[in-house]
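Participant: My structure is below; once you've seen it, I'll send some questions.
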Amino acid sequence: MKDKVTIHTLKRLKQSGQKICMVTAYDATFARILDEGGADVLLVGDSLGMVIQGQESTLPVTMDQMVYHSAAVSRGAKRAHVVGDLPFMSYQVSPHEAVRNAGRLVAEGNVGSVKLEGGAEFADTVRAIVRASIPVMGHLGLTPQSVHKMGGYVVQGRDEDAARRMLDDALALEEAGAYALVLEGVPLELARTITQSLKIPTIGIGAGKHCDGQVLVCYDLLGMNPDFKPKFVKRFANLHGNITEAAGTFFSEVRAGTFPDEDHSFKANKNVRLVAATPVGPGVVDAPAEGAEKVGAIYGAPV
Ligand code: KIV
């Protein structure tokens, strides 16, 4: 295994002009695959509210849910640095609550850093979390937790005043100790100015090519949802098509009686005498007989 990515690796990548590759992950299986695919950073995004839970926004996502998904992703990640999103209302009320909740993501979710949305108004919060030895990634521009304030998911920083404010916010977050910044839904010229003005790396999503790295929601880049295709998303696969096709083939074979065939079935030992089964009890698995064929967990199989 290559060396584990840390916040210091990310800084070095910016200094050497190498792009940072970040992607969201929400469970251990995807984390393992994306890690093997070469991700530098796995973000346990509160976008899980939409893509996992089917909510309309990230606002209903809770701390307990973020801890649960962060722990799963951390188990799957070998090389990548894992970042956990602080969900809506977990850090806005006070720096004190923010530190406690960031601490939960690290202690229970096993993440290497946390991310929060907002600018200079959260500089004290960032400072407090960093003081607790928890690295913080900032998030500026289109910040989904402020959907009601923004009046929808709209590109931010298009006029000069808004652009100036965002640059000031970026400088304030860097000064407060943030180790990196996500820039979301930002004109590429502004993202370039911010990126050139900071020592810490910027990671863009809908912010153009000048950022120090890029992030996408894994379900978007893998083409899981044919109904969601904003301008900034590029589909690098068509998993929706692959999955519906694979599942459709499975269903057809079941209906036709061609699955399972002999290759996918177990055979009794020649000398087995059939007796009426005695259920061991719900959730209790009988010890396997010596030399028994190991098949792994059979999910949902009655015992
Ligand atoms: O929640 C999320 O997935 C994010 C990324 C889109 C940056 O914050």
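Participant: Identify all lysines with a Cα-Cα distance to Lys11 below 19 Å; exclude those on the same chain that are fewer than 8 residues away in sequence.
Facilitator: Counting by Cα, and skipping residues close in sequence, Lys11 has these lysines nearby: Lys2, Lys19, Lys115, Lys199, Lys209.
Participant: Keeping all protein chains in the complex and leaving out DNA, RNA and ligands, what accessible area do you get for His264 with a 1.4 Å probe, in Å² to the nearest 10?
Facilitator: 120
Participant: Considering only protein heavy atoms and a probe of 1.4 Å, how much of the accessible area of the chain is carbon and sulfur, as a whole percent?
Facilitator: C and S atoms contribute 55 percent here.
Participant: Report the net charge of residues surrounding Ser94, where surrounding means a beta-carbon distance below 14 angstrom and charges are Lys +1, Arg +1, Asp -1, Glu -1.
Facilitator: Taking every Cβ under 14 Å from that of Ser94, the sum is -1.
Participant: Continuing with this model, one more query. Classify the stretch 1-159: rounded, prolate or oblate, from the alpha-carbon gyration tensor (a ≥ b ≥ c, eigenvalue square roots; a/c under 1.5 rounded; otherwise prolate if a/b is larger than b/c)?
Facilitator: Note, shape of the stretch 1-159 comes out rounded.
Participant: Per residue, how much accessible area does the chain have with a 1.4 Å probe, in Å²?
Facilitator: Normalised by residue count, the accessible surface of the chain is 57 Å².
Participant: When the chain is treated as a GNM, springs tying every alpha-carbon pair under 10 Å, which of Ala170, Ala256, Ala191 comes out with the largest mean-square fluctuation?
Facilitator: Of the options given, Ala256 has the highest mean-square fluctuation.
Participant: If R0 is 51 Å, what FRET efficiency do you get for Asp161 and Val272 from their C-beta distance, rounded to 0.05?
Facilitator: 0.05
Participant: Which shape class applies to the stretch 91-245: rounded if a/c is under 1.5, otherwise prolate when a/b exceeds b/c and oblate if not, where a ≥ b ≥ c are the square roots of the Cα gyration tensor eigenvalues?
Facilitator: The shape class here is oblate.
Participant: Next question. Quick check: convex hull over the Cα atoms of the chain, volume per residue in Å³, rounded to an integer?
Facilitator: Cα-based convex hull of the chain, divided per residue, equals 182 Å³.
Participant: Let me ask something else about it. May I ask you to derive the FRET efficiency for Lys209 and Phe259 from their Cβ-Cβ distance with R0 = 41 Å, giving the value to the nearest 0.05?
Facilitator: Rounded to the nearest 0.05, the efficiency is 0.30.
Participant: Full extension from Ala28 to Leu188: what is 0.36 nm times the residue separation minus their Cα-Cα distance, to one decimal in nm?
Facilitator: Difference between extended and current length: 54.3 nm.
Participant: Given the DSSP H assignment, sum -39500 (n - 2.57) over each helix run of at least 4 residues in the chain and divide by its residue total; what's the result at 222 nm in deg cm²/dmol, nearest 500?
Facilitator: The per-residue figure over the chain is -11000 deg cm²/dmol.
Participant: Could you rank the peptides 29-36, 208-215 by their average count of other C-beta atoms within 10 Å per residue, with the highest value first?
Facilitator: 208-215, 29-36
Participant: A further question on this structure: At what distance in nm do the modelled label points of Lys19 and Ser197 sit from each other, each positioned 7 Å from its Cα along Cα→Cβ?
Facilitator: The answer from the label model is 2.4 nm.
Participant: Where the centre of each part is set by its Cα atoms, how far does the stretch 64-79 sit from the stretch 217-253, in angstrom?
Facilitator: 23
Participant: Taking the Cα-to-Cβ direction at Arg127 and at Asp64 and moving 7 Å from each Cα, how far apart do the two end points lie in nm?
Facilitator: Distance between the two pseudo-spin positions: 3.5 nm.
Participant: Same structure, new question: Highest first, please rank the peptides 90-97, 227-234, 69-76, 267-274 by the mean number of other Cβ atoms sitting within 10 Å of their residues.
Facilitator: Going from most to least packed, we get 69-76, 90-97, 227-234, 267-274.
The values are calculated or read from the model by the stated rules, or taken from the named source; none is laboratory data. The structure presented is a predicted model; accordingly, all values stated were derived computationally and were not measured. Here the Cβ is made from the backbone with ideal geometry for all residues, glycine too, and neighbour counts use every protein chain on show. Just the protein is used for accessible areas: all its heavy atoms, side chains included, with ligands, DNA and RNA removed. Shrake-Rupley method; radii C 1.70, N 1.55, O 1.52, S 1.80 Å.
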